[in-house]
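Structure first, commentary second.
The values are calculated or read from the model by the stated rules, or taken from the named source; none is laboratory data. Note that the structure is predicted; figures quoted are calculated from it, not measured. Virtual Cβ from ideal backbone geometry, glycine too; neighbours counted across all protein chains shown. The accessibility values were calculated without ligands, DNA or RNA, using every heavy atom of the protein model including side chains. Shrake-Rupley method; radii C 1.70, N 1.55, O 1.52, S 1.80 Å.
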Amino acid sequence: PVLAQAVRAYLAERELAHLEAEAILCVETKNVNLRRGLLDRLFAGSEAVTYTGVLVTPEWLVWANGGGKRPPLVSSARLAEIEIPRIDPRLQDMGLDGLQLFGFVNRSSQRVTVFIGLGEEPAAQKLRQVLRQAIKQAHK
């Protein structure tokens, strides 16, 4: 509910509330990052859990990340303005699983690279498939 509320507030602030009705996929996934650094283990425990809520429409990707005590962070991108490059092997080496995006995110003036952490659930696998297809369609 916290991620969904954050996404709804984000959409309302940007006059994009209609996107919820246009959703082709809406999922929540849990990513567990096994931290490897000594300081991380001493000060933050051996793992960090991040929850990610994702809304995909034919034109937009909206996602929220949250976990622990910090409030969710919501971001968005037009599908026609992003691509999914091959994930940086360094992220995989760090035990991170998810999607790496490249393009205009949050109405940025320059292309940026962002990482969306995902879990291994079937919903995360479906998201990868649906998002790749939706981006392909948006680029036509």
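Observations
- Unmet requirement for R128, which otherwise passes all of (1) modelled with pLDDT of 90 or more; (2) among the charged types (D, E, K, R); (3) open to solvent by 40 Å² or more (accessible area, probe 1.4 Å): (3)
- Residue match in the range 71-90 (condition: over 22 Å from A134 (Cβ atoms), at pLDDT below 95, surrounded by 15 or more Cβ atoms within 10 Å (Cβ to Cβ) and in contact with a strand residue (DSSP E or B) (Cβ under 6 Å, 6 or more places away or on another chain)): yes
- Yes/no for F115 being among the aromatic types (F, W, Y), farther than 22 Å from A6 by Cβ and open to solvent by 30 Å² or more (accessible area, probe 1.4 Å): no
- Screening the range 5-30 for residues that are touching a helix residue (DSSP H, G or I) at 6+ places or on another chain (Cβ under 9 Å) and open to solvent by less than 50 Å² (accessible area, probe 1.4 Å) and picking the one that is modelled with the lowest pLDDT gives T29.
- Filter result (at pLDDT below 95 and either part of a loop (DSSP other than H, G, I, E, B) or surrounded by fewer than 16 Cβ atoms within 10 Å (Cβ to Cβ) (or both)) within the range 94-105: M94, G95, L96, D97
- Matching entry among A138, A48, A134 (being open to solvent by less than 80 Å² (accessible area, probe 1.4 Å), on the phi < 0 side of the Ramachandran plot and modelled with pLDDT under 95): A48
- Hits in the range 102-130 (condition: of a type outside the set (V, I, T), over 18 Å from K30 (Cβ atoms) and in contact with a helix residue (DSSP H, G or I) (Cβ under 9 Å, 6 or more places away or on another chain)): G103, F104, R111
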